[in-house]
Every structure is written in C-alpha cells, then in structure tokens.
Amino acid sequence: MVNYEVTVYTGNRGHASTVNNVHIKLVGADGESDLTWLKSLITWRGSVSTYTVSCPNSLGRLLLIELDKRQFVLFPDDAWFPDKVEIKSPENDVYTFPVHCWISSGEAHLSREGTALRIFDESHSLGHNARKKELTRRSADYEWDSYAPGVPHTIKADGPRTLPFEVQFSFTKNTEFQFTAVTGLFELHLKGLACNQENWKNLDDINAVFHNKDTPLSDYVQEHWMEDWLFAYQFLNGVNPTLIQRIKTLPENFPVTDEMVAIPDGSNLSNELKQGNVYLCDYKNLDGILAHSIQGRQQHLVTPLVLLHKRPDDKLMPIAIQLKQTPAKDNPIFLPTDSTYDWLTAKIFVRSAEFVEHELHAHLLRTHLLAEIFAVSLLRNLPMVHPLYKLLIPHTRYTMHINELARDKLIGPTGFFNNFAASGGEALTKILARSLSSITYRSLCIPDDIADRDLQDIPNFYYRDDGLKLWSIMFKFVQGVIQYYYKSDDEVQRDSELQTWIGDIFQYGFLSQPQSGIPQNFTTVPELTKFVTMVMYTSSCQHAAVNGGQYDYGGWMPNNPATMQRPPPTKKGTTSEATMLETLPPINVTVETMAILWLLSRKSSDFVPLGHYPEDHYTEATPRQLQKDFKAELDMLSIEINNRNEGLEIPYTYLNPEYIENSVSI
Ligand code: FE2
C-alpha cells in the first residue's frame, strides 16, 4: 500500500464550513483511488485538515480529484466552500488543486491540478474529458439572454438569487448592502420626503436631508457648485471624465463667434482654438431621444454643447453653452456674461444631461454591462485550468449579482429610472443602444482614448495621469503572464477556447458591430495582451473612476439632477430663482436619487482591492511572482497619489489603487 497525504483548506468566508460527510477520489495517470471518506472531517471557515488516502499502488502523476459531499444523518444539508486541496504523493511530489467554489450535496465536484493548461497542452484523455464536462456544465449555468434591441446581452437569470451560488454576493456583502439600502430609504420615508411630489421652495431646504448623508467632497460641492471653475473641473476629474475633447475648429452646429466670448489677455476664440486651448463637451448621443414622463408629467432632456477655455493660469472655464444640437433663434448660446440665472440654468441643464450620459453610458454600459459580457464569456468558454481563467476570474467577482440588482431596482420597469429619471422608459434602452454603437475599442483603452481626445497635455487632469500609470502597470503584469504561457502567435491562434471567448464577446457584447474595432479573434501575442489589459482595466480601474464619486458630486442634487421638469429656456432673460426651482427635480426624486447614490458609493467590508488575489488560482512560481510584483507597483503608485493629493484643493482619489476594487461589484 502507498499513502497520499491530503490537506483540505476550507475558505475563510462566512458559511464556508460544513458538518456533512466529504469523500475524495484521487485520479492519476496510472489509476485512481477508491472514493475515500475523510473521517472526522471538521471544517470551519479557514480551517486546515489533513487525512491519509491509501492505495494499493502509486497513481502516477495526479491529474484531478473528485470531491463528493453527502448530507450526514441528523445534520442539515449545507454548502461547503473549500479553497484548495494539497496532496503529497508517496514520491514526495506536492500537487495543489484549487477549488474556490461552493460544493453542494449530490453532485461530485471535479478539480484539476493547478498547473495552467491550454487545450492543446492536455496530454491525457481524462484531462480532455474533465475540460469538456466543466464547460458543458458552465454553459448550462451561464446562458446568454437578450435584454433589448441594440443593447449587450446579459446573463440569463430571474434575479440575483437565481444565479449560480458561486457568483452571488457573500453573506457579508449582501447583509451590508441590504442594511444600507433599507436604512437610507427608511430614514427618508420617516421624514415623509419619499412620497412628497412637491417642488423645493428653497435650495437651503435640501440641506435638511443632505446634512445626514454627506462626504467632505459632497459638502465642498454644495458650497461651490455654482462656480464656473468647478463646473469645468468636473469634466476632467469628476465622475465622468470620458466626454471632454480638445478641438481646433468649432462644430458647424455650434456657431460661437469671437465677439461673443470674453478671452483674457487680448486673445480671442479663433486664436485660442489655433493654440489648442479650447475644449468641447458634446452630448449629441442624446439627440432626438424623447424624455420620459414621470407622475404623468412630461420631463425634459437636453443635448448640450459646452465650450471650455484653458486660461493662461491653467484653469479650465466654461465660455459658452448651447442646450440643443440645432442652432436656432429659440436655442440661444448662453454665456457667463448673461444674467446669473440664465447662465446658472444653462449649467444645470448641462448637469442634467451629464446625469444621463454618466450613469447610462459611462457607468452602466461601459463598465457594468461590458464587465458582465467579459465574465459570462469567460465562464462559458475557459475552464478553471486555463491560464487566462486564472488571471481574469478575480476581476468578475459579484458583477453578475450587482447587475441583476441594477436590472431589477434601477433600470427595470419598476426601477429608479422609470419612476424618477427623464432618461427612463423607452428613452433608456434607446440611449443604451445608441451608446453601444458609439463605443470603439480604442475608447476602452485609456492611452488610445486620451490620444484620440487630444488630452495629452491639458493640466490638472488627474484621471489621465493616474489612469495611464495604472494601465502601464497592468499592461506589464498581463504581458508577463501572457508571455509566460504563449511563446508564439501560433499558440494564440491554436487556442480554440480563447478564440471562442473573444468570439462571444464580439457577438453578444458588441452585437457583431465591426465599426467597434473589437477584435473578432486573436492572432498575435501583443493583440491578446492589449485586449486582456483592457478587460482587466475596464472591470477595475475604469469602473472605479466613474463609480467612486457618485455621491461626492451627485449627492447635492442641483449639481446632478436626474430629471428636469420644465423645458430649457428659449430666450434669454426669462429665468429666475423661481423658474430654477420649478425646473429642478421635486422632493421625492431628489431624496430617492440621494439614497441610491449613497448606497452605490458605500465600500463593503469584503472589498478586495486591485491586485489582491486572496484565492490562489495560480500554483506556478512565475505568475505568482508577477502577481506580487503587480501589487508592489500598485502600492508604490498609491503612495505617489497620496503625496500628490496632499497638495490639492480637491484630492483625486478614485484611481488610487487602495480604493479600486478588483471587479465591478457595486
Ligand atoms: Fe458601479
């Protein structure tokens, strides 16, 4: 007889333990063990237990293990979450089998030995069969579903609780999330505000609600929101830094003249355009979309053009706003020299368009929905033993669960947008479809995006500065891992699983739109490296950039109105404080928006920061070292960003690696 020493590691997470019986079978190249009961198995979260499995002869190189959990009489059936199983063979070789999933009674769970293998590395039929079986099961568990015409597909589910257990929120995350949601709304209901459809009588009244839920930056925004510099600053470092671009000529539909705008130091607009000091934010994506009706009342959505000037002191300032796309007499170009309320009203309308462009396009579509596409395609096409599954699976954590919640509570028929936002109802899917058509591969890769928007040298652009550094660190890490596993372009081309992964992303995510520039297959190692970097960056950094500041900049409603109750002014001199208050969202919309943004800005206690890999999917030294190097570089960047922020009036924290989560999870 020969003995195998089996060490079982139970995950360190809530409810990971089991009181049930567990059996194990070891499968090697030369045979398999009997299904062996792990006697006296006592697991609790984080426990490590060792057993002996005896066999008549050596099993040769170990390929896989089978774990079989059975309910113990008189004890409740419970799911068990082992992290990994380590086995020391009679030849003194140590094999590691990553598990990292919930195991229920009644179904034997196969785990492969941890060395990453591409499909053409499989040298044993057992490996091929296990691979096939795993992907068949996953394809049934993770089916595609179409959401609406022109919108990316989603996971097929009927709410988060119908998702496979392994991708649902943990008990901790779920409890905290529900607690924040319930207490936030309960407080507002107690104050009788959530049912109050009246308009605000005075901006100061908003403060009574806002006072209970604020951050240092949301207080600052409340104080300075009317100031032009903060209005402009938000296009660079606010919650949506993805729209601004430098222009050398004005768009034909935005006829601002030299005479209209005041440029300091004797210059004029034409000169400043030539000098590269003029920037544009164009909300043409929203053109022609009919706004939704709320409580039987037609709401209003504008499609502004905003012109900005970089002054000699490096401050960016707004210099002209046109609220609709087609120039006309009843579509005036508003200027800072107009009356206080004309100019302020124009800026508020821009912020209302920004609410839509940010939440639906930059945030929901470009991060949440794309991250879900990457995740579902990964789970359907790459088995656990694939090197890129090991690389990318940590960046899919909770994404399907939060998106299912969003489909139910935010964008569904009874969700927030339908009840409270001008962009709800039919407008919502039209905006999403139009936004998807506008996405290019280059716009998802920050170095290309910054170059295409000609923003390489605009000062005080911390989203760009931090984002480019993060991309560079991440690219180096991904390149290291990919070059370790793929020695030639030919190996990339021969990896059929990788090809179906990208094929599904192109088909189900980008709806086979070739103008997106999304690759339809991979032919070279550099091509693969860039795409995988983009996937990881989108699911972590880009989401952090557009998610983290939601309450900071959106908590104070006048800076972030979800709807506008009156149409934009058609001539100058018709606005006042009274018209502004009639135009802004009513009390119930305000408080519901605040409660949701508060919830979406909370950090969970089981937050996993970028570059932390609590689950050991890789067992080989090289990728494990690359993970350590990645984390070390991110730690250095955090120090650099913290030092930089000490000297800033508004610290830019959203792309500090300390605050970036590995995945889209909120
Ligand atoms: Fe988010």
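The values are calculated or read from the model by the stated rules, or taken from the named source; none is laboratory data. No experiment lies behind these values; they were computed from the predicted model shown. A quick note on method: Cβ atoms are made from the backbone with ideal geometry, for glycine too, and the neighbour counts reach across all protein chains shown.
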I'd like to check something: does region 336-356 contain any residue that is part of a helix (DSSP H, G or I), within 16 Å of the ligand (Cβ to nearest atom), modelled with pLDDT of 95 or more and of a type outside the set (Asp, Glu)? yes
Hits in region 650-664 - residues which are in a loop (DSSP other than H, G, I, E, B) and within 17 Å of residue 239 (Cα to Cα): 650, 651, 652, 653, 654, 655, 656, 660, 664
Restricting region 103-143 to residues that are in a strand (DSSP E or B) and not charged (D, E, K, R), the residue that is surrounded by the fewest Cβ atoms within 10 Å (Cβ to Cβ): 109
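For (1) in a helix (DSSP H, G or I); (2) more than 30 Å from residue 197 (Cβ to Cβ); (3) within 16 Å of the ligand (Cβ to nearest atom); (4) in contact with an Asp or Glu (Cβ under 6 Å, 6 or more places away or on another chain), each residue gets a yes or a no:
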{"position": "383", "(1), (2), (3), (4)": "no, yes, no, yes"}
{"position": "394", "(1), (2), (3), (4)": "yes, yes, no, no"}
{"position": "401", "(1), (2), (3), (4)": "yes, yes, yes, no"}
{"position": "413", "(1), (2), (3), (4)": "no, no, no, no"}
What is the residue count in region 14-63 for residues that are in contact with a Gly (Cβ under 6 Å, 6 or more places away or on another chain) and of a type in the set (Gly, Ala, Ser)? 3
If you check 470, 410, which single one turns out to be within 16 Å of the chain's Cα centre (by Cα) and closer than 29 Å to residue 142 by Cα? 410
Residue 548 vs. criteria assigned by TED's automatic domain parsing to the domain that holds residue 379 and either more than 28 Å from residue 357 (Cβ to Cβ) or in contact with an Asp or Glu (Cβ under 6 Å, 6 or more places away or on another chain) (or both): no
Output the qualifying pairs, or none if there are none: Cβ atoms under 8 angstrom, residues six or more apart or on different chains, first residue in region 638-650 and without any contact (Cβ under 8 Å) to a residue 60 or more places away in the chain, second residue surrounded by 12 or more Cβ atoms within 10 Å (Cβ to Cβ) and in a loop (DSSP other than H, G, I, E, B). 638/656; 642/656; 645/651; 645/652; 645/653; 645/656
Considering each of 393, 348, 373, 333 in turn, give the residue that is farther than 25 Å from residue 484 by Cα and under 20 Å from the mean Cα position of the chain (by Cα). 373
Of all residues in region 233-281, how many are within 26 Å of the chain's Cα centre (by Cα), assigned to a loop (DSSP other than H, G, I, E, B) and aromatic (Phe, Trp, Tyr)? 0
Of everything in region 525-536 that's touching a Cys at 6+ places or on another chain (Cβ under 8 Å) and of a type outside the set (D, E, K, R), which residue is nearest to the ligand (Cβ to nearest atom)? 534
With the checklist (1) of a type in the set (Asp, Glu); (2) crowded, with 20+ Cβ neighbours inside 10 Å; (3) assigned by TED's automatic domain parsing to the domain that holds residue 423 in hand, flag the one item residue 649 doesn't pass. (2)
Could you tell me whether region 382-395 includes any residue that is hydroxyl-bearing (Ser, Thr, Tyr), at pLDDT 95 or above and farther than 30 Å from residue 595 by Cα? yes
Hey, can you tell me all the residues within region 144-162 that are modelled with pLDDT of 95 or more and surrounded by 13 or more Cβ atoms within 10 Å (Cβ to Cβ)? 144, 147, 148, 150, 151, 152, 153, 154, 155, 156, 157
Kindly establish whether residue 488 is surrounded by fewer than 16 Cβ atoms within 10 Å (Cβ to Cβ), small (Gly, Ala, Ser) and over 29 Å from residue 632 (Cβ atoms). yes
Which residue out of 390, 430, 409 is assigned by TED's automatic domain parsing to the domain that holds residue 501, of a type in the set (D, E, K, R) and within 14 Å of the ligand (Cβ to nearest atom)? 409
Name the pairs: first residue in region 507-530 and in the same structural domain as residue 480 (by TED's automatic domain parsing) and assigned to a loop (DSSP other than H, G, I, E, B), second residue of a type in the set (S, T, N, Q) and surrounded by fewer than 20 Cβ atoms within 10 Å (Cβ to Cβ), Cβ to Cβ under 7 Å, at least 6 apart or on different chains? 513/437; 517/440; 521/499; 522/499; 523/493
Pairs with Cβ under 8 Å, 6+ apart, first in region 254-269 and within 19 Å of residue 281 (Cβ to Cβ) and in contact (Cβ under 8 Å) with a residue 24 or more places away in the chain, second hydroxyl-bearing (Ser, Thr, Tyr) and surrounded by 14 or more Cβ atoms within 10 Å (Cβ to Cβ): none
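So that you can scan it fast, the table gives a plain yes or no per residue for (1) charged (D, E, K, R); (2) surrounded by fewer than 22 Cβ atoms within 10 Å (Cβ to Cβ); (3) in contact (Cβ under 8 Å) with a residue 60 or more places away in the chain; (4) touching a Ser or Thr at 6+ places or on another chain (Cβ under 9 Å):
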site	(1), (2), (3), (4)
425	no, yes, yes, yes
428	no, no, yes, no
436	no, yes, yes, yes
478	no, no, yes, yes
Where the second residue is surrounded by fewer than 17 Cβ atoms within 10 Å (Cβ to Cβ) and modelled with pLDDT under 95 and the first is under 18 Å from residue 397 (Cα atoms) and lies in region 613-636, which pairs have Cβ atoms under 9 Å and are six or more apart or on separate chains? 614/12
In this structure, does residue 421 turn out to be within 14 Å of the ligand (Cβ to nearest atom) and either outside the structural domain of residue 536 (by TED's automatic domain parsing) or touching a His at 6+ places or on another chain (Cβ under 8 Å) (or both)? no
Among helices (runs of 4 or more DSSP H) lying entirely in region 532-626, which contain 3 or more residues that are over 20 Å from the mean Cα position of the chain (by Cα)? 577-583, 587-600
Only one of 564, 594, 636, 580 is more than 16 Å from the ligand (Cβ to nearest atom), under 28 Å from residue 663 (Cα atoms) and touching a helix residue (DSSP H, G or I) at 6+ places or on another chain (Cβ under 7 Å), namely 594
Quick one: residue 208 ticks every box in (1) touching a helix residue (DSSP H, G or I) at 6+ places or on another chain (Cβ under 9 Å); (2) aliphatic (A, V, I, L, M); (3) not assigned by TED's automatic domain parsing to the domain that holds residue 649 bar one, so which box is it? (1)
In the set 51, 4, 95, which member is under 39 Å from the mean Cα position of the chain (by Cα), of a type in the set (Phe, Trp, Tyr) and within 30 Å of residue 125 (Cβ to Cβ)? 95
